[in-house]
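Reviewing the structure listed below.
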Amino acid sequence: MQESTRIVRSTLTPVVAGTEMHSGPVFAAPYHAPGDPAGMPYTYARSHNPTWTELERVIANMESGVTASGEAYEAQAVVFASGMGAIAAVFGAVLRPGDAIVIPANSYYTARVLLREYFTQMGIEVRTVAAMGVDAVEAVTPLLAGAKLLWIESPSNPTMDVCDIAALCDAARAAGVLVAVDNTTPTALGQKPLALGADFSAASDTKSMTGHGDILLGHVAVRDAVLLAKIDQWRTLTGGILGPMEAWLALRSIPTLPLRLARTCENALAIAEFLATRSEVESVMYPGLKTHPGHAIALRQMTYFGPVVSFILKGQAAAEAFLNTAELLTDATSFGGMTTTAERRAKWGGDAVAGGFIRLSAGCEAIEDLLADLAQALDGLR
Ligand SMILES: *Cc1c(COP(=O)(O)O)cnc(C)c1O
């Protein structure tokens, strides 16, 4: 069966005549728990909730797959109130004083701030790699000795660098280092880190996974039962959990992921190809472009190249004028939604990008309209 069929049908309940086809949110704090609670699936909703269980089954199904050596595996997932909740859980469940983490400088900014402001203060060594692109294995290998965790983000947000996840996992395994991948941009439909050899697949499901700009959500997927228990325990102990309503909204959104991802990635490629023809654009970063340095690697490890296209215009003033003139590029942060958005990335600080750097997230609009709007906004820069 095609994966899209599996995902579209993944929120159906078992066929029992007269019962609902899709389950609704379960609002409860305590559950009936007479006698010995051992083995009861639900006792108190900070630990577990049936709507999370359903969402975790759906996401785990998408994270499951087949490794390069042909071994089929089943993933398990733990959902969090945001992508940062999921990332913090991996850091918190794995890192202890004296441990070292290897992380690229081009990975998600907030994750690096969390390490710098909190984890380094608690005796964790952060070994930063300038950028993980096509030569990441050479850059990372010398830093792996004695490390506990290797953090990977591919494609990286916002610069769309691509690194060879399987090769990095091989190098890490040889050094006895765990590997986590921030898989936000492609989603588990577009790329399966666990199949490529990672121990953790973490993601912000605020972006394409749910795709309607109405909830924050994150998850961590693993294959190993011990790692699963640690991540699950971290969530119960820290308690920053998502509500059943958010979990249910996610369950409504995920069956359209195959449609949304196909459309947004097709639009993103057309936009990237168009931008590459324009003299107002200094460079275009999209792994689906044949000219992208990581294209061959992306073809091997991704089934979709993602909705995000980054490009550089000639300076801050040009980028601001472009965004003001464009009518269909809603100026907002985040990505992976139904509507096309774009922003001048440097206005936020944090990422080392040029003043004219724009991160665009292709939506589901008709491509003719998007290309016409891009053309008129670029014409305005002449
Ligand atoms: C948005 C994002 C996050 C953080 O997710 P939130 O849901 O905003 O907490 C982490 N990693 C990447 C790559 C992201 O784009």
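List of remarks:
- Relative to one another, the C-alpha centroids of the stretch 165-234 and the stretch 332-373 are positioned 25 Å apart.
- Å³ per residue enclosed by the Cα convex hull of the stretch 3-255: 143
- Note on the stretch 1-118: the C-alpha convex hull projects to 12.6 nm² when averaged across all orientations.
- Here Y304, Y42 are placed in order of increasing Cβ neighbour count within 10 Å, fewest first, which gives Y42, Y304.
- Mean separation of Cα contacts under 8 Å, 6 or more apart, over the residue count of the stretch 258-379: relative contact order %: 28
- By the Cα gyration tensor, the stretch 258-379 has an equivalent ellipsoid whose semi-axes, rounded to whole angstrom, run 21, 17, 14 from largest to smallest.
- Where only DSSP H runs of four or more residues are counted, the chain gives -10000 deg cm²/dmol as its mean residue ellipticity at 222 nm, each run worth -39500 (n - 2.57).
- The slack in the chain from R6 to T120, taken as 0.36 nm per residue of separation less the alpha-carbon distance, amounts to 36.8 nm.
- Short-range pairs are left out: with C-alpha atoms under 8 Å and at least six residues apart, the relative contact order of the chain is 16 percent.
- Length-normalised contact order for the stretch 1-136 - Cα pairs under 8 Å, 6+ apart - percent: 14
- Fewest neighbouring Cβ atoms within 10 Å first, the residues K230, K290 line up as K290, K230.
- As a rough footprinting exposure proxy, the listed residues T51, T141, T277 were ranked by other beta carbons within 10 Å of their own, and the order from fewest upward is T277, T141, T51.
- Close lysine pairs were tallied over the chain: pairs 8 or more places apart or on different chains with Cα atoms under 24 Å apart number 8.
- Working note: Debye formula, equal point scatterers on the alpha-carbon atoms of the stretch 165-236, no solvent; log10 I(q)/I(0) at q = 0.23, 0.26 Å⁻¹ is -1.03, -1.15.
All of the numbers you see were taken from the coordinates with simple rules; none came from a lab. All of these numbers come straight from a predicted model, not from anything done at the bench. Counting neighbours? That spans all protein chains shown, and the Cβs are built from the backbone with ideal geometry, glycine included.
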